[in-house]
Every structure is written in structure tokens, then in C-alpha cells.
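Please read the structure below before turning to the comments.
The values are calculated or read from the model by the stated rules, or taken from the named source; none is laboratory data. Note that the structure is predicted; figures quoted are calculated from it, not measured. Neighbour counts are summed over all protein chains in view; Cβ atoms, including those assigned to glycine, are modelled from backbone coordinates with ideal geometry. Calculation scope for accessible area: heavy atoms of the full protein, side chains included, ligands and nucleic acids excluded. Shrake-Rupley method; radii C 1.70, N 1.55, O 1.52, S 1.80 Å.
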Amino acid sequence: MAKRIDVSGLNVYYGSFRAVEDVNMTIEPRSVTAFIGPSGCGKSTFLRTLNRMHEVIPGARVEGKVTIDGEDLYGQNVDPVAVRRTVGMVFQRPNPFPTMSIYDNVAAGLRLNGVKKKSQLDGIVETSLKGANLWNEVKDRLDRPGAGLSGGQQQRLCIARAIAVEPEVLLMDEPCSALDPISTLAIEDQIAALKEQYTIVIVTHNMQQAARVSDTTAFFNIAGSGKPGKLIEMAPTPKMFSTPSEKATEDYISGRFG
Amino acid sequence: MATTPPDLDKPSTQLGTTRSASGVRLGDRIFRGSSMGAGIFVLVVMAAIGTFLLIRAIPSLTSNESNVLTTQNFDPDNNDWGIAALAYGTLVSSIIALILAVPVAIGIALFISHYAPRRLAVILAYVVDLLAAVPSVIFGLWGLRFLSEHILPIERWINDWFGWIPVFGGSVNSASSLFTAGVVLAIMILPIIAAVCREVFLQVPRAHEEAALALGATRWEMIRTAVLPFGRPGIISATMLGLGRALGETIAIALILSPSYAINASVLEIGGSTFAANIALRFGEIAETGRSALIASGLVLFLITLLVNMGARAVIARRKEFSGASA
Ligand SMILES: Nc1ncnc2c1ncn2[C@@H]1O[C@H](COP(=O)(O)OP(=O)(O)OP(=O)(O)O)[C@@H](O)[C@H]1O
Ligand SMILES: [Mg+2]
């Protein structure tokens, strides 16, 4: 059950600092959208407004409109907790629960949703770990601490944890920045498989990755430090990487930036 | 001072060795020496206390005609004494204190660290720290003057409704009970436990809290999945700190209890005593053997405290790999 996301006139603030200015975009269901852009241009910040994680930072707020399948994400009666159960997230830095075993990490979201049956949990934990390409490495030590895994394994554990609850939208903030090329390819394959069911948004600094996995690419840029980040251009990925309409996009993609 | 340019003729490895031998390694050695010295010093002090207590306790232990461990009475002048009633009173009042204080302290700490608006949190944290510094004699006097009057109806109520449980049975006619002592101890140790727990809860990495929130956890679910498990070793340490204070508390208990040397299953009935209160009350009045017996009881308190702490260490160590220390 994938969902379409519509963003219009979105401004994102940390206190009085405006980090992202006036974003308008549409994210199609059953597609992969990649966000690219220089460090600090607000990709993570913007991504976090799509599951209402931005507002958990003290002083942080959002202006503008985000709808998911027509439903206003920031509407009066919308419970952010319910939003986050539908829109899953993988963070830039791996953050498995250190006090939990590998198994419990993957099962954490399911338990929050009230799944208690051992057989049901077992099945989903296995599918999710396979989905994140981690099953073979950990199947013999599911009861070991999640924090004992390598950085790349931890990130795949976080991916497994996020897909275990079958979110309708999956936000991934540089999910592969800590991974080796083999795991990266495995995750990319997984993303390709997941997009059959989900809407996926991925932030990446890796141009080849954006080119490989995404259907649509959005380029964010920042005019200078202290200035807000802006969405410069958004287009189908092949077009973005061959004939972008903005000069800045072309410069960034071809590495002639700044 | 002008810097001397490195002598380029010398091989660079030698340059490296000279520097580390004179500066870095010396600093390392001093630091290692002094920290090891401090560690050894602590052990020596512990051993010295233990030995002192043991040597001074031996005369009364040898002249005692009753079994030290099982005798409830405490009459060293007639060589009829034991630590059973004291140990019972000490442990029971401390356990009551922990049962009452720990949940409340965790609640206060969570409120300050995760619920209260920033301003209020700062003020509350300050008040809790202040309370932790109130001398125990103040709590004792307050317990004696104020609490004794107001707690009696509560004790009666518990006795009426739960009197069928032996612990709350008996006849309640005075507030000088182990229960009152436990309540006063609970209030005494509450601030220190709350203060330590708050610090621990504030240490929980933001990333772990966000991980829980992003899975769709409510604030309370986030606390249950991320904060409390991460804070568990800290909660245990805080509890031990409080327990240590409760076990050794002297003045407040001495003021509240009307001492009697009998094990009474009911915590609401008058009487009972603790190691520390007993030492304080009796030390001035009794003769040489008596003092020796009091020191023997002090030795037992010392051992109990050691055992409790070792137990807590073991509990913490048992799940060390899951503590998050490596993350
Ligand atoms: N918690 C915060 N409080 C205040 N300002 C913040 C916070 N997080 C990010 N910012 C600021 O918001 C701007 C955008 O940051 P953001 O993390 O979204 O960038 P990014 O595009 O994800 O960068 P990167 O590619 O390095 O991850 C930056 O100027 C950053 O300093
Ligand atoms: Mg980022």
C-alpha cells in the first residue's frame, strides 16, 4: 500500500533559524525518490518533516503543507505517533537499541504494534533480516546484543527493524554511508524490491547510487552558510543526470561544484 | 621562547623516542602510579576498618553465652546478646524505604528529564539537589514531630484493610514503628536516588530515543524501549547509594523508634531497632564488653553493606554486553 506525498510551501525551522525554504514537490507512490545536494543543505531536515520526526527536536517547527494520499500530515487531529507507524525511517547513523538482542531489535516495532505471538514474530524477524541482507550473518546469534555488530551490520539491522513493521513509506537517510560495496548493492537490490510495495525516499551523497536506484531525483542546494536550503530541481533521474535544466544541478552532478 | 628546529641529521625515530621518554611517558607513569596508589589506598582503608572492628569485637564475642547470629536480645553486660533483631530491623526498614522511594524517585527523574518543560525541569532539578543535601537530623526531627502524628491514621488504615497479611497485622497504637522509620528513610533517600537517576536518564543518546519514536512509539513507550533499559545499571547504582544511606542511617531512626530487641513480623507495631541507631543510643551508657558487642554489630552492618554492593555489581555485570556501554 504505497502512498503519494505532496509537499507545498514547506519551510522548516530550528528555533529562529530557517533550515529549509519553500519546498514544493510530489513524491509518487511505488517509486524511489533520491535527494542529493551538498552537506548542510537540509536534506535530512526536510526528510524528517515527512514523518513528523523534525518536531521532536526542542524549538523545531514546520510551516507549510504535507499531504500523504490527500491527508494533511500536520492536520489538527493527526497523531504524530500514528504517522510514524506508517512512515518508517532509517537514520544516517546506525542506531540499534543497545540494550536489546538482534531479534528484539527487529521485533521492537512489531511489539509496539501489539504483535505478541512468538511464531508470528519469528517469521517476520526472519523475513525482515533476509530483506536487509543480514540473515545469513546473524541467524545463529539472534540473541546476541545488536550493538555487538559491525557498523554496516548495525545499519542493516536498522533497515530490518524499519521494514519489519511494513510501513507504507520508507525514508532512508544515507542508509549506505557506513556500508561496504557488497552490502550497498544488496541494500540497493532490496530498495528495488521494496518499491513494488512502498514509497521510498532516500538521501544519498553517492551520485551513482542515486542514478542506480531512483526513479526521480531532487537536488537541494544552499546559497551559503546560515542561509536556508532550497529545492533547486526535481526531475526523472535519467533526465537529471543527462540534461538537467539548472546550471547548479549540472555543476553539482559533474563535480564542478562551488 | 624560540623553538629549536629539529636536528635533521638525527634519524627521526630517535627524535620520537627522546620526546616520549622525557614527556609523554613520564606523564603516563605518574598518572598510572597515582591512580594505582589511590586504588590500593582504598583497599588498605577497607581492610584496616575490617581488622579494627574484628579485633575490638573479639572480647565480647568470646564472652558471649548466647548465639550471636540467632539471639534477638541485646544485653552484653550479662553476656546475652545477638544481632538477629538488629539485622531484622535494619533490613526491614531499609527495604520499606526502597519499595517506597525507588518508584517515586524514578518517576521524578523521568519527569525532570523527559516530561517537564525546560524551565520547570531546571527548577525541580535544583530543588531535588537541595533536598539531597538536607542533614538527616532534620528528617529525624521532622519524622518525630510532624510525621508521627499524621502517619498513625494511615498505619491504622493499612492495619484495618490489610491486617490479614502478617506484615501489616498486630495492634497499632504508636507511630514508633519500623514502618514509620521506613517512610522517613524513604523520604531521606528519595532525593539522592532521583538526582542520580535524572543524570542517567539525561545520558541516554538522542539517537536511541529517536529510533524508538520513529518506530511509532509514544513517549511512554519510548521511555520503556530506550530510556529505562539504558538507564538500568544507573538505576541499580542509585538504589544502592540510597540503600547504603538507609542501612547506615543513625539519628533519624534513633529519634523515631522506641527500641526493643524482638523480631516482630508486623512492621506497624511499636518497637524494633537498627544497627546504627542501637550503636548511637547505647554507646554512651554501657561498659567495656557492651562496647565491644556494639562494635561487633557494626562489623555485621559493614559486611551486610559489602554483600549488598557486591550483589548489585553482579546484577549489573550480568547484562553488561546489553548495557549500551559499547555503543
Ligand atoms: N538539531 C539541530 N539544531 C539546529 N540546527 C540544525 C540541527 N540539525 C541540523 N541543523 C542545521 O540545519 C541545516 C541543515 O542540516 P541537515 O542535517 O538537514 O543537512 P544535510 O543536508 O542532511 O547534510 P548532510 O549531507 O551533511 O547530512 C544545517 O545548517 C544544520 O547546521
Ligand atoms: Mg543529513
**Request:** Determine which single condition A:GLY75 fails, assuming it passes every other condition in (1) part of a loop (DSSP other than H, G, I, E, B); (2) under 30 Å from A:LYS130 (Cβ atoms).
**Result:** (2)
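Name the one entry in A:GLY75, A:GLY37, A:GLY42, A:GLY59 that is away from ligand 1 (no atom under 13 Å from the Cβ) and of a type in the set (Gly, Ala, Ser). Before the answer, list the steps.
Values: A:GLY37 fails: away from ligand 1 (no atom under 13 Å from the Cβ); A:GLY42 fails: away from ligand 1 (no atom under 13 Å from the Cβ); A:GLY59 fails: away from ligand 1 (no atom under 13 Å from the Cβ).
Checking each option against the conditions leaves just A:GLY75.
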**Item:** Complete set of residues in region A:148-186 that are in contact with a Gly (Cβ under 8 Å, 6 or more places away or on another chain), open to solvent by 30 Å² or more (accessible area, probe 1.4 Å) and closer than 16 Å to A:ARG93 by Cβ
**Value:** A:GLN154, A:ALA178
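If I ask for residues that are aliphatic (A, V, I, L, M) and assigned to a helix (DSSP H, G or I), which ones from region A:200-258 would you list?
We begin by selecting, within region A:200-258, every residue aliphatic (A, V, I, L, M); these are A:200-203, A:207, A:210-211, A:213, A:218, A:222-223, A:231-232, A:234-235, A:240, A:248, A:253.
Correct list: A:MET207, A:ALA210, A:ALA211, A:VAL213, A:MET240, A:ALA248, A:ILE253.
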**Asked** B:ARG232 versus (1) away from chain A (no Cβ under 14 Å); (2) touching a residue at least 60 places away in the same chain (Cβ under 8 Å); (3) surrounded by fewer than 21 Cβ atoms within 10 Å (Cβ to Cβ): which is the lone unmet condition?
**Response** (1)
**Fill in**
Among residues of region A:8-40 being away from ligand 2 (no atom under 16 Å from the Cβ) and assigned to a loop (DSSP other than H, G, I, E, B), the residue nearest to the other protein chains (Cβ to nearest Cβ) is A:GLY15
**Request:** For region B:278-327, enumerate the residues that are open to solvent by less than 40 Å² (accessible area, probe 1.4 Å), more than 14 Å from chain A (Cβ to nearest Cβ) and touching a Pro at 6+ places or on another chain (Cβ under 7 Å).
**Result:** B:ASN278, B:ILE286, B:GLY290, B:SER292, B:ALA293
**Request:** Using the structure shown, decide if A:GLU137 is open to solvent by 50 Å² or more (accessible area, probe 1.4 Å) and more than 16 Å from ligand 2 (Cβ to nearest atom).
**Result:** yes
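Do the conditions hold for B:GLY271, that is, is it more than 21 Å from B:MET310 (Cβ to Cβ), out of contact with any His (no Cβ under 9 Å at 6 or more places or on another chain) and of a type in the set (Gly, Ala, Ser)? Lay out the reasoning, then the answer.
Numbers: more than 21 Å from B:MET310 (Cβ to Cβ): yes; out of contact with any His (no Cβ under 9 Å at 6 or more places or on another chain): yes; of a type in the set (Gly, Ala, Ser): yes.
Yes.
Can you pull out the residues in region B:137-190 that are in a helix (DSSP H, G or I), of a type in the set (Val, Ile, Thr) and open to solvent by 20 Å² or more (accessible area, probe 1.4 Å)?
First, pick out the residues of region B:137-190 that are in a helix (DSSP H, G or I): B:137-162, B:166-168, B:178-190.
This time we only want the ones that are of a type in the set (Val, Ile, Thr), so: B:137-138, B:151, B:154, B:158, B:167, B:180, B:183-184, B:187, B:189.
Residues satisfying the conditions are B:VAL137, B:ILE138, B:ILE154, B:ILE158, B:VAL167, B:VAL183, B:ILE187.
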**Prompt:** For B:ALA214, are the conditions met, namely being surrounded by 24 or more Cβ atoms within 10 Å (Cβ to Cβ), within 14 Å of chain A (Cβ to nearest Cβ) and either of a type in the set (A, V, I, L, M, F, W, C) or in contact with a helix residue (DSSP H, G or I) (Cβ under 8 Å, 6 or more places away or on another chain) (or both)?
**Reply:** yes
**3 or more residues facing chain B (nearest Cβ under 9 Å): qualifying helices (runs of 4 or more DSSP H) within region A:80-194** = A:80-86, A:102-112, A:151-164
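Among the residues of region A:204-216, write down those that are within 12 Å of A:LYS43 (Cβ to Cβ) and away from ligand 1 (no atom under 12 Å from the Cβ). Before you say what the answer is, go through the steps one by one.
Here is the first cut: in region A:204-216, the residues within 12 Å of A:LYS43 (Cβ to Cβ) are A:204-205, A:210.
Listed by number, the list holds a single entry, A:ALA210.
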